[in-house]
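Taking it in order: structure first as structure tokens, then the write-up.
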Amino acid sequence: MKIFLKQSLTYFFAASIFTYGALVQAQEQVKIGLVAALSGDSALSGESISRGMTIAIDEINAKGGVLGGKKLVLVKRDDESNPAKGQLAARELIEKEKVAIVFGGIDTPVSMSLINVMTELKTPYMGVWAAGTGITNNNKTPNYMFRVSAVDDRVDDGMLKYAQTAFKSQRPGSMLVNNPWGESNMKGLEKAAAALKITMAGQEKYNAGDTDTTPQLSRLKNAGADSIILVGNASVAAQVMKSLERMNWNVPVVSHWGISGGRFDELAGPRYKDVIFIQTYTFFGKQSPVGEKVIAELKKRYPEIKGPADIVAPVGTANSYDAMMLTALALNKAGSTDGDKIREAFYEIPEYKGLIKNYKKPFSPGDHDALEDGDYIWVRFEGKNAIPVK
């Protein structure tokens, strides 16, 4: 009996010490959630976002962490580019993992589906890729959705202007993936075309499962389209390029950046090199001290990266790095992991010299998007590399 009692007490004290240790560790951490495509055709986007966040988190922790010495910890969930799975993942991260903020990935439909979740659970969201205008411009009060990324309305204006300037296009036609992201761009293109006094040849939709888009493209060709504005992620947009090849229609193609988050160069056929698309950052060319530091860290951590040409899906890395740094500033200004305090603190960030740019008052109650039109650049593929177009 004494032996049993002694063993029981030993077990009790050991369990208590373990529980206390786990509690202390939890109190010394601030968890950051990520809901993104970590598998499937857009897995490269999730990997690049993870890399940017991890480099930033390690840098912040090396300087003492946040909130007086607490270490940041990244907790990831794969949404598989599925809105329902994204919602479940976000709820689990907030309710079980107790993350202070949720970062989002490449898919606008997933990010749009999280608006009500973040509002209900009063937790800030930070978008670092999905560009749907309605993600941040959502008519919610208070609005918990923030973003360091491109915005469809601004990109749509930029794509039409680029087609005009580079290709003398007067009657562009659009090919839009049939989902909420495509709808966002349809509205943005209509608005931009009206402002630029451009007559669109037409706006066509195509589905994720389509393997032949020649009917839609033929309608645009017959309507006199002299350029194609392409919106879709890598695998679906690749089918449009294959259809253009089959038609032997060498019309210029200007694309949104969804093609850079997957294996577009492998899937689209020989014409993948002809597409000009938008980005928010390039690691090619002369870098700022922040850029040099990030490249050095990427080389050190990932042996396959020898230089800028090996940094796949660079916007994910760049956007997420800056977004994580801005989030750390907001946490410290909030002095808490309370969602409403963090949300308010984003408005109070005065300045941050980041990777993409020098941010000055990046967020305000009326504008939750930190990047502006002038922060975009134009690139084309050379192999897997996104090379700036002059």
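A short reminder: the numbers here are calculations on the coordinates, not readings from a lab. Because the structure is predicted, anything quoted here is derived from the model rather than measured. FYI the Cβ positions are ideal-geometry reconstructions off the backbone, even for glycines, and counts take in every protein chain you see.
Listed values, structure above:
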| read-out | value |
| --- | --- |
| Coil-residue trypsin sites (Lys or Arg not before Pro) of the stretch 289-321, DSSP, other Cβ within 10 Å capped at 16 | 306 |
| Under 15 Å, Cβ to Cβ, from residue 224 - net charge with Lys/Arg +1 and Asp/Glu -1 | +2 |
| In the stretch 322-369, GluC sites (Glu not before Pro) in a DSSP loop with at most 12 other beta-carbon atoms within 10 Å | 348 |
| Helix axis angle, 289-301 relative to the chain longest principal axis, alpha carbon, degrees | 70 |
| Peptides 159-166, 318-325, 224-231, 375-382 ordered by average Cβ neighbours within 10 Å, highest first | 318-325, 224-231, 159-166, 375-382 |
| FRET efficiency, 1/(1 + (r/R0)^6) with R0 56 Å, evaluated for residue 222 and residue 97 via beta carbons | 0.55 |
| Order by protection proxy (mean Cβ within 10 Å, highest first), peptides 82-89, 101-108 | 101-108, 82-89 |
| Neighbour net charge for residue 293 - beta-carbon separation under 15 angstrom, K R +1, D E -1 | +2 |
| Helix 234-247 vs. the chain, principal-axis angle (Cα, 0 to 90°, nearest 10) | 10 |
